[in-house]
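Okay, structure first, notes after.
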Amino acid sequence: MISKVYSAALMGIDAYLVEVETHLEKGMPYFGIVGLPDNAVKESRERVAAAIKNSGIYFVAQQRITINLAPADIKKEGSSYDLPIAIGILTAQGKIDAQAVEDYLILGELALDGSIRPIHGSLSIAIKAREGHFKGLIVPQENAREAAMGSGSVKVYPMGHLLDVVNFLNGNADFDPLVVDVQRIFSEESQSPLDLRDVKGQEHVKRAMEVAAAGGHNIIMIGPPGSGKTMLARRFPTILPLMSLEEAIETTKIHSVAGLLPPDHGLIGVRPFRSPHHTISDVALVGGGRFPRPGEVSLAHHGVLFLDELPEFKKNVLEVLRQPMEDGKVSIARAAFSLTYPAKFMLVAAMNPCPCGYYGDPTHSCTCTLPQIQKYRSRISGPLLDRIDLHVEVPAVNFKQLTSERSGEPSAVVRERVQRAREVQLKRFVNEKNIYCNAHMESNQIRKYCKIDEQGKELMSNAIKNVGLSARAYDRVLKVARTIADLEESEQILAHHLSEAIQYRSLDREIP
Ligand SMILES: Nc1ncnc2c1ncn2[C@@H]1O[C@H](COP(=O)(O)OP(=O)(O)OP(=O)(O)O)[C@@H](O)[C@H]1O
Ligand SMILES: [Mg+2]
C-alpha cells in the first residue's frame, strides 16, 4: 500500500513542495523515514505513533512503514512533517480517502495527544501553494491568519487536532475556511503607537532624522546617557515612507520563517525596529548557523536596525555587517546548497561621546583623558563609519524643554515631506540600476548629480581646512547636501544645503 501526501519545506525565505510517500507492508514492525531527514524529522516517528494512538485511532504496529520525503536530495528539517506523515500512514492503511488527500497541502507539528502545534514559515508556504493544483491548505490554527494573507484563491483550513483533519478529509465534518480581508488587515497593522511628537525639544536631531529618512542615509547619534537617543531611534520608522503591501509581505515572510510572528498578527505592516544588545554574536546578527535562520539584519528588512552603544559591539560582529549593508542581502553557503536572506535596512546607531558618557555635557564633568576618548571612538572601524552619512549630537534636554506643553511636529507631517523627497530621487535615478535614493550613489553618480558652484566649492575647502573635515567625508557631505536640496525641492545644491550637511560630520572632526 502506498499513499502520497503533499507538504512543503523552506529554503531561505521561500518554500518548495515536498511529497510525503508512505509504503506499508506486512512484516516485522519497522518505522523508517528516508529523504535526508534531520533529527527533528526522525523524531517524528515517536510523536506520530503516540498522536495516532492517543487520538483513539487504532495504530497497526505489526507492519513495516517506510516514509520517503521527496525530493530526496534536499535536507529536511523541523517538525512540520508530523501531520503529513500521520495522514500518510492513515491513508495507506485505508482509514482516509486517498483521493481527497491529494487535493490539500498539509502542514503541522503533532503533540503526543494528537493536537496540532504551530510551525514556521506558513506564509511562504501559502504563497507557494498558489502554484499547485490545491483546493486547500491544512494548517495549524495559530498559523492560519498569516497563511490566509498569502494563499490567494487557495482556501485555508485551520485545524487544532489530528482527528479533525481525519474527519474533514473523510467528509464527516464541515470546517469553514478562514477568509481574511488582506487590505483591511494591512491598514490595521500599519498603525504605529509611537510618534515623534512625544519627544520634547531636540529639534536639530529630528531634522537630521528627517534628512536621513529622506535620502536613505544611515545615521549615528552621539550623546550622554538619558538624552533620549533610544527614544528618538524608536520613532525613526514612523517617519520613513509607509510600507507597501509587497514590502510588508516580504518582511512578514522573514519573521514567519524565524518563528517570530505573533500568532494573532497575520502581517507586519509597520517597518520593523530591531535593537540587538551589544553582546550579540555574529551569527545572530547576520544569520546562519547549523540550521540556518535569518539574523537581526534580515529581521530589520525594510526597516531599522538600531545598534545602541555601537563601540561596545565586538569587532568581528561589526565587521560582518559590512557585506549586508553593501548588498542588501545575506548569503549563506553550505556544502550542498546556499541560501539568501534579504537584508535591506537602515542603520541607526548610538554612542556616548566618551567612555564616561559626559564629554561636552554642560552639567556633568567628564572624567576621561584624551587618549581614552580616542581609543573609545576608534573602536568603530573606518569602513563601517564610511557607511554612516550623518553624525548628530544629542545633548540632554533641560528641565524647561522637558516640561514644556508645546508638542512638536507629528510623524505623519514629517513623513509626508520625506515621501516627497523620495519621489524626487526616484525620478532622478530612473535610468540608474539599483539606485533608489541618494545614499546609494557611488562616486560617478555623485560627480553627475551633486554639482556645486564656486561658492559651494569655497565653503567645502574652508570646511576641510578649518573644521578638520577629512577628505573621506567629502563625498558623504555632497550626498547629504543633495538630500537636503531635495527636501526643499531645489534642483541646485546651494551653499546653505552644504553648510547644513557639513554640520552632520561631527565624528570626523578632531577632538578639541
Ligand atoms: N526629549 C525628550 N522628550 C521627552 N522625554 C525624554 C526626552 N529625552 C529623554 N526623555 C525621557 O528619558 C528617558 C531616557 O531616554 P533614552 O533611554 O532614550 O536615553 P538614551 O539617550 O538612550 O540613554 P542611554 O545612553 O542611557 O541609553 C526616556 O524614556 C524618556 O522618558
Ligand atoms: Mg539608550
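The values are calculated or read from the model by the stated rules, or taken from the named source; none is laboratory data. Not measured: the values here are computed from a predicted model. Reconstructed Cβ throughout: ideal geometry from the backbone, glycine too, with neighbour counts over all protein chains shown.
This table checks each residue for (1) in contact with a helix residue (DSSP H, G or I) (Cβ under 6 Å, 6 or more places away or on another chain); (2) more than 30 Å from G136 (Cα to Cα).
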| site | (1), (2) |
| --- | --- |
| A173 | yes, no |
| D176 | no, no |
| I185 | no, no |
| L194 | yes, yes |
| R197 | no, yes |
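I'd like the full set of residues that are more than 25 Å from the chain's Cα centre (by Cα), away from ligand 2 (no atom under 16 Å from the Cβ), part of a helix (DSSP H, G or I) and touching a residue at least 24 places away in the same chain (Cβ under 8 Å), limited to region 186-233.
Filtering region 186-233 for residues more than 25 Å from the chain's Cα centre (by Cα) gives 197-205, 207, 222-227.
After this cut, where a residue has to be away from ligand 2 (no atom under 16 Å from the Cβ) as well, the list is 197, 200-201, 203-204, 207.
Still in the running and part of a helix (DSSP H, G or I): 197, 203-204, 207.
R197, E203, H204 - these are the residues of region 186-233 that are more than 25 Å from the chain's Cα centre (by Cα), away from ligand 2 (no atom under 16 Å from the Cβ), part of a helix (DSSP H, G or I) and touching a residue at least 24 places away in the same chain (Cβ under 8 Å).
Please verify whether region 279-295 includes one or more residues that are within 22 Å of P225 (Cβ to Cβ) and either within 16 Å of ligand 1 (Cβ to nearest atom) or out of contact with any helix residue (DSSP H, G or I) (no Cβ under 9 Å at 6 or more places or on another chain) (or both).
Yes, region 279-295 contains a residue that is within 22 Å of P225 (Cβ to Cβ) and either within 16 Å of ligand 1 (Cβ to nearest atom) or out of contact with any helix residue (DSSP H, G or I) (no Cβ under 9 Å at 6 or more places or on another chain) (or both).
Residues in region 51-68 that are without any contact (Cβ under 8 Å) to a residue 60 or more places away in the chain, within 18 Å of V5 (Cα to Cα) and touching a helix residue (DSSP H, G or I) at 6+ places or on another chain (Cβ under 7 Å): I65, I67.
Scanning region 238-271 for residues that are more than 21 Å from R184 (Cα to Cα), in a helix (DSSP H, G or I) and under 17 Å from the mean Cα position of the chain (by Cα) yields I254, V257. So is Q425 in a helix (DSSP H, G or I), surrounded by 13 or more Cβ atoms within 10 Å (Cβ to Cβ) and touching a Phe, Trp or Tyr at 6+ places or on another chain (Cβ under 8 Å) or not? It is true that Q425 is in a helix (DSSP H, G or I), surrounded by 13 or more Cβ atoms within 10 Å (Cβ to Cβ) and touching a Phe, Trp or Tyr at 6+ places or on another chain (Cβ under 8 Å).
Close contacts from region 368-395, counting a first residue that is within 20 Å of P355 (Cβ to Cβ) and in contact (Cβ under 8 Å) with a residue 40 or more places away in the chain and a second that is away from ligand 1 (no atom under 16 Å from the Cβ) and among the charged types (D, E, K, R), with Cβ to Cβ under 7 Å and a gap of 6+ residues or different chains, come to L384/R322; H391/R505. A count restricted to region 271-313 and to residues that are more than 16 Å from ligand 2 (Cβ to nearest atom), hydrophobic (A, V, I, L, M, F, W, C) and closer than 23 Å to M221 by Cα stands at 5.
What pairs can you find where one residue is in region 343-362 and touching a residue at least 40 places away in the same chain (Cβ under 8 Å), the other is hydroxyl-bearing (S, T, Y) and more than 16 Å from ligand 2 (Cβ to nearest atom), and their Cβ atoms are less than 7 Å apart, with a gap of 6+ or different chains? Note: pairs meeting the criteria are A343/S298; P353/Y359; Y358/S365.
The test for being more than 16 Å from ligand 1 (Cβ to nearest atom) and part of a helix (DSSP H, G or I) does not hold for V330.
Scanning for something within 14 Å of ligand 1 (Cβ to nearest atom), surrounded by fewer than 19 Cβ atoms within 10 Å (Cβ to Cβ), of a type outside the set (V, I, T) and closer than 24 Å to A213 by Cβ, does region 309-322 turn up at least one residue? Yes, region 309-322 contains at least one residue that is within 14 Å of ligand 1 (Cβ to nearest atom), surrounded by fewer than 19 Cβ atoms within 10 Å (Cβ to Cβ), of a type outside the set (V, I, T) and closer than 24 Å to A213 by Cβ.
Among the residues of region 468-482, those that are in a helix (DSSP H, G or I) and touching a strand residue (DSSP E or B) at 6+ places or on another chain (Cβ under 8 Å) comprise A473, R476, V477, L478, V480, A481, R482. Considering (1) at negative phi; (2) in a loop (DSSP other than H, G, I, E, B); (3) more than 28 Å from the chain's Cα centre (by Cα); (4) among the charged types (D, E, K, R), the lone condition that K433 does not fulfil carries the number (3).
Residue-by-condition table, conditions (1) part of a loop (DSSP other than H, G, I, E, B); (2) under 20 Å from H120 (Cβ atoms); (3) modelled with pLDDT of 90 or more:
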{"position": "F306", "(1), (2), (3)": "no, no, yes"}
{"position": "E326", "(1), (2), (3)": "no, no, no"}
{"position": "L339", "(1), (2), (3)": "no, yes, no"}
{"position": "G357", "(1), (2), (3)": "yes, no, no"}
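Inside region 368-416, residues that are of a type in the set (G, A, S) and surrounded by fewer than 14 Cβ atoms within 10 Å (Cβ to Cβ) make up a count of 6.
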